[in-house]
Amino acid sequence: MSTFREASHITTGKFVDPTPAPAEAAHPEVGTTSAPLKSAAFFIGSYCKDYNEDFMLCKDENNDPAHCLKEGRKVTRCAMDMITKLRENCEKEWEAHYKCLEKHNQEYYACRKPERTFNECVFSKLKLEKVIPGASNTPIHLRENTIYN
Amino acid sequence: MSAVPQQELPRPGGFPEIRYKRYVPKIGPSGLALFSGITLMCTLGLYRTGQGNLERRELEREKVWSRIHLIPLLQAEADRDTYRREAAANEREAEVMKNVKGWKAGESVYNSKRYTPQTFVVVP
């Protein structure tokens, strides 16, 4: 079944399941779009490291969506917590950065200036630092003279 | 036959020099300068390309890590949605097949305990 065939003769239009979630899977979602998430990715990653790793280990154990609902809720709750904190402390800087990302095809290199102010704000208020694992010498987001900018 | 035969000789004073060389004024830089200039340009350009390649690799790594950090969040959300849809589909299937004896709604077609996404979804 490597090819996807749309069952156009059976269904008409897109089917959206209206059934509400059962109690064990009900949880509010973060509801953030891609650019703010990409902007905050490294902070979410470092702030929620334990929950994220726990969830991924659980997924590695069993790929069934029902298997890791509890861990998944913790991951989502942690991310929501982080997003609330970012909005409370650095909303202006964050907004400047993700709007820049929206404008520049979501490329980090095109938005180093707003990124730096955002990172400084997060570091001073939340004590979180953007760290790219395995970077040799100066990490790319801290370099001054870059070819791509 | 006393007269000595007169051999053909150049005119007195000799012929003027034949101008076979191109008398074009020399313009522009010398060949050596051009060659070394182009070599320098190519070297610098290649160096910059190499630096750009290294930088692009780092940018790619940065992008990949940003996605790695977001995967648990997105996967958790997708899992909850899949779970909700599958539960609803199973309920519908059970309703449709309630008169068939021994029918298990949402049973895997594979003889394995490993989770496989449903091939067919029961749509009302």
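Bear in mind that the values in this text are calculations on the coordinates, not laboratory data. These figures come from a predicted structure and were not determined experimentally. In this analysis, Cβ positions are derived from the backbone assuming ideal geometry, glycine residues included, and neighbour counts consider all displayed protein chains.
Placing unit charges on C-beta atoms (Lys and Arg positive, Asp and Glu negative, everything else neutral), compute the dipole magnitude of region B:1-122 about its Cα centre in debye, rounded to 20.
Using Cβ point charges on Lys, Arg, Asp and Glu, region B:1-122 gives about 280 debye.
Just in region B:24-114: which trypsin sites (Lys or Arg not before Pro) are loop by DSSP and have at most 13 other Cβ atoms within 10 Å?
B:Lys26, B:Lys98, B:Lys101, B:Lys104, B:Lys113, B:Arg114
State to the nearest 20 debye the size of the charge dipole of region B:13-64 about its Cα centre, where the only charges are +1 on K and R beta carbons and -1 on D and E beta carbons.
The calculation lands at about 260 debye.
Just need the relative contact order of region A:83-130 here, percent rounded to a whole number, with Cα pairs under 8 Å and 6+ apart.
This gives 36 percent for region A:83-130.
To the nearest Å, what is the center-to-center distance of region B:104-118 and region B:1-75, using C-alpha atoms only?
So the two Cα centres are separated by 69 Å.
Cross-link list A:Lys130/B:Lys113; A:Lys103/A:Lys125; A:Lys70/A:Lys130; A:Lys49/B:Lys104: which exceed 31 angstrom alpha carbon to alpha carbon?
Over 31 Å apart, Cα to Cα: A:Lys130/B:Lys113; A:Lys49/B:Lys104.
Just flag the GluC sites (Glu not before Pro) in region A:112-149 sitting in loop per DSSP whose Cβ has no more than 10 other Cβ atoms within 10 Å.
Of the GluC sites (Glu not before Pro), the ones in loops of region A:112-149 whose Cβ has at most 10 other Cβ atoms within 10 Å are A:Glu144.
Quick one: longest stretch of chain B between exposed loop chymotrypsin sites (Phe, Trp or Tyr not before Pro), exposed meaning at most 15 other C-beta atoms within 10 Å and loop per DSSP?
B:24-102
How large is the Kirkwood hydrodynamic radius of region A:25-137, counting all unique pairs of alpha carbons, in Å?
15.1
Please check chain A for the longest run free of trypsin sites (Lys or Arg not before Pro) that are loop-located per DSSP (anything but H, G, I, E, B) and have at most 11 other Cβ atoms within 10 Å.
The segment A:15-126 is the longest one with no such site.
Within region B:21-124, list the GluC sites (Glu not before Pro) lying in a DSSP loop whose Cβ has at most 14 other Cβ atoms in a 10 Å radius.
Here the sparse-neighbourhood loop sites are B:Glu107.
Select from B:Ala33, B:Leu59, B:Leu9 the residue farthest towards the positive end of the dipole of chain B; place +1 on Cβ of Lys and Arg, -1 on Cβ of Asp and Glu, and compute about the Cα centre.
The listed residue farthest towards the positive side: B:Leu9.
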